[in-house]
Amino acid sequence: MRSDGTMKRGADYQSFYQIARDECNDIIMSGQHALNPDYQALWENEVDAHAVTDPDGELMFQASAIGDKGAEDSKLGYYDGPTVNGKGNKSINILPTYFYLFDSTDLRRDVTCATYTVGADGITKSGTALTAIVDGKYRRNWITNPSVDPGNSVQYFGLNWQILRYSDVLLMFAEAENEINGPTAAAYDAINQVRRRGYGKPIDAADPTVDIPAGLSKEDFFKAVVRERPLELGGEGVRKFDLLRWNLLGTALNTVKSNLLNMSDSVPLVNPSYMAEYPSYSVSATLPGAMFYILNTTSDDNNIGGVWATSFYNSAPGSTPSGTKKVAWVDASISTTALSRYATGFTPGKSELLPIPQPARDANFNFSQNPGY
């Protein structure tokens with residue numbers, strides 16, 4: 001964004017893509033980093049388990065949290081993630097449109113999106129409404145070393161904030177390589193390593209069931225990257241800045257708002273123009289208006305079939321199945337919750353940037369103010 005509020009890409013923008021491409025390639029070729037082959041284990045058994053070592057070298061840059069108090073720690077796992085025994089805030093909600101961006105067999109969905117709360121025993125789960133599901137990578141009920149008793153009111157867990165993972169490097173390389181050289185074999189390999197891990201497949205073996213199909217144009221490969229980054233990096237504070245640097249923030253916000261309204265009106269989702277399409281069954285008119293979760297379930301955290309008795313993709317049954325409880329899903333509540341709270345203050349040509357703080361301007365009189373403020 002320029003000082004007059006217009007968006008303009010510099011004439012030498014590809015030189016910066018070249019720098020990113022070369023730096024990412026150096027990391028890849030160093031052999032010092034790899035993907036943890038299990039996406040859930042990365043978060044549950046390393047990040048949330050306070051693992052001392054990272055044998056794969058995927059967690060490349062972290063912000064440490066220590067001390068069990070506000071000065072040095074964070075509220076990761078308390079402010080966000082599912083509640084346990086009513087403790088926690090559940091303050092980071094997942095958009096319904098984002099939940100349905102995932103393929104039904106993408107294992108990252110149920111790591112990134114927590115569709116339940118946990119009871120007083122720390123095990124029993126209750127399903128939540130679609131508009132109440134939360135981010136799931138930092139979960140109180142996954143925290144170990146030490147574990148957190150369900151009755152404990154502690155709010156600080158010493159969970160490190162993950163700033164850069166190796167999967168991000170692979171996706172940045174795929175994007176930059178495509179920008180400089182088009183969708184080469186190296187670009188395909190980088191993005192497909194990330195996808196294979198996301199689906200629980202061997203990372204280094206080609207798999208046509210999950211790989212990005214060969215033969216895409218440069219534009220379509222870029223759209224595949226635009227979709228893959230939120231699937232891999234959801235809840236990690238990356239998406240807004242990706243959309244900003246692509247100059248797609250306003251477009252994406254408007255598309256999401258339109259699709260949230262569609263969902264509220266029980267109208268099928270519309271595929272976005274700026275990224276690869278939703279799964280075909282996500283844009284169907286048969287998405288359920290209600291879901292039914294199994295009462296008193298103690299299933300594994302990510303065994304979604306053990307929590308839910310009905311399908312996310314087919315119409316809801318006419319009556320409540322035995323031993324289950326009903327929660328709202330794709331219905332009019334989306335417009336009064338998710339839509340009514342989503343990006344309500346965004347102004348194109350202004351909100352892409354925050355204002356420069358007045359104390360900074362007082363300290364340096366050469367500072368002007370960002371457009372619109």
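Rule-based calculations on the coordinates, nothing more; no lab input. If you're wondering where the values come from, they're calculated on a predicted model, not measured in any experiment. Note that each Cβ is placed from the backbone with ideal geometry, even for glycine, and that neighbours are counted across all protein chains shown.
Calculate, for Tyr13 and Ser368, the FRET efficiency according to 1/(1 + (r/R0)^6) with r their C-beta to C-beta distance and R0 22 Å; round to the nearest 0.05.
So, using R0 = 22 Å, E works out to roughly 0.40.
With a cap of 15 neighbouring Cβ atoms within 10 Å, and only residues DSSP puts in a loop, list the trypsin sites (Lys or Arg not before Pro) found in the range 6-97.
Sites meeting the loop and neighbour criteria: Lys8, Arg9, Lys69.
Setting aside same-chain residues fewer than 8 positions from Lys90, which aspartates and glutamates have a Cα under 15 Å from its Cα?
Result set, ordered by chain and number: Asp80, Asp135.
Nearest 10 degrees is fine. How inclined is helix 13-30 to the longest principal axis of the chain, computing both from alpha carbons?
For 13-30 against the chain, the angle is about 60 degrees.
Less than 25 Å apart at the alpha-carbon level, and either on another chain or at least 8 residues along: which lysines does that give for Lys218?
Lys8, Lys240
Quick check: the angle from helix 218-233's long axis to the longest principal axis of the chain, C-alpha only, nearest 10 degrees?
Tilt of helix 218-233: around 50 degrees.
What net charge do the residues around Ala309 carry, taking every other residue with its C-beta under 11 Å from that of Ala309, with Lys and Arg at +1 and Asp and Glu at -1?
+2
Distance between Cα centroids, the range 202-234 to the range 139-190: provide it in whole Å.
17
Can you sort Ile92, Ile294 by how many other beta carbons sit within 10 Å, fewest first?
Ile92, Ile294
By the gyration tensor of its Cα atoms, with a ≥ b ≥ c the square roots of the eigenvalues, what is the shape of the range 1-118: rounded for a/c under 1.5, prolate for a/b over b/c, or oblate?
Here the range 1-118 falls in the prolate category.
With a/c under 1.5 counting as rounded, go ahead and sort the chain into rounded, prolate or oblate using the C-alpha gyration tensor (a ≥ b ≥ c being the square roots of the eigenvalues; past the cut-off, prolate if a/b is larger than b/c, else oblate).
Note, shape of the chain comes out rounded.
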